[in-house]
Amino acid sequence: MAALQVVRSEWTKIRSVASTVWTLSLAVVVTIALGMLISALSKNEFDNMSRNDRLSFDPTFISFAGMSLGQLAMIVFGVLVVSNEYSTGMIRTSLAAVPRRGTFLAGKIAVATALALVVGMATSFVAFFLGQAMLGEHKASIGDSGVLRAVIGGGVYMTLIAVFSMGVAAMLRSPMLSLGILMPFFFLISNILGNVDATKKIGRYLPDQAGSKIMQVVTPIDDDTPYGPWGGLGIMALWVVAALLGGYVLLKKRDA
Amino acid sequence: MIELEGLTKRYGEKVAVNNLTCTVRPGIVTGFLGPNGAGKSTTMRMMLGLDRPTAGDVRIDGKHYDQLTDPLKYIGALLDAKAMHGGRSAFNHLLCLAQSNGIPKQRVHEVLDTVGLTAVAKKKAKGFSLGMGQRLGIAGALLGDPRILMFDEPVNGLDPEGIHWIRNLMKSLAAQGRTVFVSSHLMSEMALTADHLVVIGQGRLLADTSMADFIAQNSRSYVRIRTPQRERLLDVLHSAGITVVETGNGVLEVDGDKSAQIGELAAQYQIVLHELSPQQASLEEAFMQLTAESVEYHAHSDTPSAPQPQWGDGWKGN
């Protein structure tokens, strides 16, 4: 029952620090509010759009526009959950209590992932419904083909972003270093690589670019992406697994 | 019972702990003594499975640390009072440790009471003074009611009352038959608490002895004498069969506790004495000497016959 004990312990840890509350609240508020704002703006813009733009108008995806910023808060959540242990020195106390490091890391990731999934899923559904309310007559319905998949996918996407950050933080240990790499990567570099023609083919295999495909319902007209929504999520999941494996191997090997 | 066998830790070229073999026995306080940087903390981290030994082995009651189920029930350790999340309350800090080892919540209240932190249990640890942080760390060590307790420099930075409390706690834990292993760089502190001593310097074992033996061997008593009639006193003492050592500045020293005998001889031969004082070399000095020798031995071991450079050699030759 050692695994269950670790899960209970990690739940106590995660609920008893302020950073959990503020990072997750920020993720919820930013994702929903920005999604609503952009949905409202898109509604007003619709009549001025070109024919092609109107054909590929994707109300579901637009209501998730806030995730580009909201995911940054999820990254901070994921990084802090793991790197707090190192920056405070708690890791030595934790590993003395749970010397089986695989069990320790798995318990921590499992608890944080479950929490991120609950918050991410709720955020995704609320962002969808409020976003659609802003879109007025251009809105999509949850019963439309592919929409439910996209909304559930949005929750999974936010969760995977957080878990990927946990893996990276487990490798790098320092919160500053982890955030210093992850934030600009997801906010700037990935976007640049995905939008410049020369690097587009590489850019779309990055975790966020591939993963966000799950939230699209209408495929853009000139889209030549070689994977579908589930394929994209699969690529993102591979990144996550790689980051977690890296974190596990280093934790196992290193002196605490 | 903790057994260390050939325990070695290297960081690149530097050897932090060098082939350390010793046993920490139950029912007594074992002092782990060494100057700063001698490898005490590294050794303790290896005992807890936090650092991996380069060579050698540590066994707790015959098992490796990571083979212990619920290790806090076997061994409680205070390594570093700051090894906790400052944003978490004292109660929650202990609760998460308790839960990870299947220790009931009730026990958290008990240890908070033992260390006297019940009143601040809901306060965040970052607001704690050094002494309170130390008490919280000790509460964590006591949580699983372990048979073995380990404290790394527990009195560092504490006020006299806190020091007194920790000394008594360690003694009472040992009196309950537990194994108590406590590190310090202060011999004077160990002299008050420890029954047995393990001394290391430069990562090597220098002494593994009972406190009583260490005192008997190392606390030299002698008599210090100053007199204006030096030659005459030397003759008198010599004919009485007493060996005298001249230590410079007109000071004479006689080994042992012979002040009464010397005073009587001086009176009998009407020799004026300016000083006749029994002296005791402190344990601190004995400890300094022991560890200083290890440093010296280390520095000379590579080139035993090489002449030592004299001060000023560098510019004299040019």
Would you check which residues across segment A:192-220 are closer than 19 Å to A:G120 by Cα and basic (K, R) and list them?
A:K213
Qualifying positions in segment A:142-191 - of a type in the set (S, T, Y) and more than 20 Å from A:G120 (Cα to Cα):
A:S145, A:S174, A:S178, A:S190
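Within segment A:42-68, how many residues are assigned to a helix (DSSP H, G or I), farther than 18 Å from A:R149 by Cα and among the polar types (S, T, N, Q)?
So the first thing to find is which residues in segment A:42-68 are assigned to a helix (DSSP H, G or I), and the list is A:42-48, A:51-55, A:59-63, A:67-68.
Filter once more, keeping what is farther than 18 Å from A:R149 by Cα: A:42-48, A:51-55, A:68.
Adding the requirement that they be among the polar types (S, T, N, Q) leaves A:42, A:44, A:48, A:52, A:68.
Qualifying residue count for the region: 5.
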Residue that is surrounded by the most Cβ atoms within 10 Å (Cβ to Cβ) [pool: residues in segment B:47-69 that are of a type in the set (D, E, K, R) and more than 7 Å from chain A (Cβ to nearest Cβ)]
B:R59
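Please indicate, with yes or no, whether at least one residue in segment B:221-244 is under 24 Å from B:A191 (Cα atoms) and surrounded by 14 or more Cβ atoms within 10 Å (Cβ to Cβ). Show your work before the answer.
From segment B:221-244, those under 24 Å from B:A191 (Cα atoms) are B:221-223; that's our starting set.
Now narrow it down to the ones that are surrounded by 14 or more Cβ atoms within 10 Å (Cβ to Cβ): B:222-223.
Yes, segment B:221-244 contains a residue that is under 24 Å from B:A191 (Cα atoms) and surrounded by 14 or more Cβ atoms within 10 Å (Cβ to Cβ).
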Identify all residues within segment A:16-35 that are in contact (Cβ under 8 Å) with a residue 60 or more places away in the chain and part of a helix (DSSP H, G or I); write none if there are none.
A:S19, A:T20, A:L24, A:A27, A:V28, A:T31, A:I32, A:G35
So, B:D66, is that one free of Cβ contacts under 8 Å to residues at least 24 places away in the same chain and either closer than 26 Å to B:A191 by Cα or in contact with a Gly (Cβ under 6 Å, 6 or more places away or on another chain) (or both) or not?
yes
Residue in segment A:5-29 that is nearest to the other protein chains (Cβ to nearest Cβ), counting only those that are among the aliphatic types (A, V, I, L, M) and closer than 19 Å to A:G120 by Cα
A:A18
Among (1) in contact with a Gly (Cβ under 9 Å, 6 or more places away or on another chain); (2) surrounded by 23 or more Cβ atoms within 10 Å (Cβ to Cβ) - the single one B:V29 does not satisfy
(1)
Is it the case that segment B:80-93 has a residue that's free of Cβ contacts under 8 Å to residues at least 60 places away in the same chain, facing chain A (nearest Cβ under 10 Å), in a strand (DSSP E or B) and closer than 23 Å to B:L136 by Cα?
yes
Would you mind telling me which numbered condition in (1) surrounded by 15 or more Cβ atoms within 10 Å (Cβ to Cβ); (2) away from chain B (no Cβ under 14 Å); (3) not in a helix (DSSP H, G or I) A:D144 fails?
(1)
Among the helices (runs of 4 or more DSSP H) contained in segment B:241-318, which hold 1 or more residues that are at pLDDT 90 or above?
B:259-268
Here the residues within segment A:69-93 that are of a type in the set (S, T, Y) and under 16 Å from A:T12 (Cβ atoms) are A:T88, A:T93
Taking B:G140 and the conditions (1) modelled with pLDDT under 95; (2) outside any loop (DSSP other than H, G, I, E, B), which numbered condition does it fall short on, given that it satisfies the others?
(1)
Conditions first: (1) more than 14 Å from chain A (Cβ to nearest Cβ); (2) out of contact with any Phe, Trp or Tyr (no Cβ under 7 Å at 6 or more places or on another chain); (3) more than 19 Å from A:T88 (Cα to Cα). B:G102 passes all but one, so which condition is the exception?
(1)
Residue within segment B:281-292 that is surrounded by fewer than 15 Cβ atoms within 10 Å (Cβ to Cβ) and in contact with an Asp or Glu (Cβ under 7 Å, 6 or more places away or on another chain) present:
no
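Would you check if there is a residue in segment A:73-83 being among the hydroxyl-bearing types (S, T, Y), within 14 Å of chain B (Cβ to nearest Cβ) and touching a Cys at 6+ places or on another chain (Cβ under 6 Å)? Break it down into steps so the answer makes sense when it comes.
The initial filter retains those residues of segment A:73-83 that are among the hydroxyl-bearing types (S, T, Y), namely A:83.
Of the ones still in play, those that are also within 14 Å of chain B (Cβ to nearest Cβ) are A:83.
So of that shortlist, the ones also touching a Cys at 6+ places or on another chain (Cβ under 6 Å) come out as none.
No, every residue in segment A:73-83 fails to be among the hydroxyl-bearing types (S, T, Y), within 14 Å of chain B (Cβ to nearest Cβ) and touching a Cys at 6+ places or on another chain (Cβ under 6 Å).
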Please work out which one of (1) within 9 Å of chain A (Cβ to nearest Cβ); (2) buried (at least 18 other Cβ atoms within 10 Å of the Cβ); (3) more than 18 Å from A:S9 (Cα to Cα) is the condition B:L72 fails and give its number.
(3)
Filter segment B:105-135 for residues that are within 14 Å of another protein chain (Cβ to nearest Cβ) and part of a loop (DSSP other than H, G, I, E, B); which is modelled with the lowest pLDDT?
B:F128
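The values are calculated or read from the model by the stated rules, or taken from the named source; none is laboratory data. Everything quoted here is computed from the prediction, not taken from an experiment. FYI the Cβ positions are ideal-geometry reconstructions off the backbone, even for glycines, and counts take in every protein chain you see.
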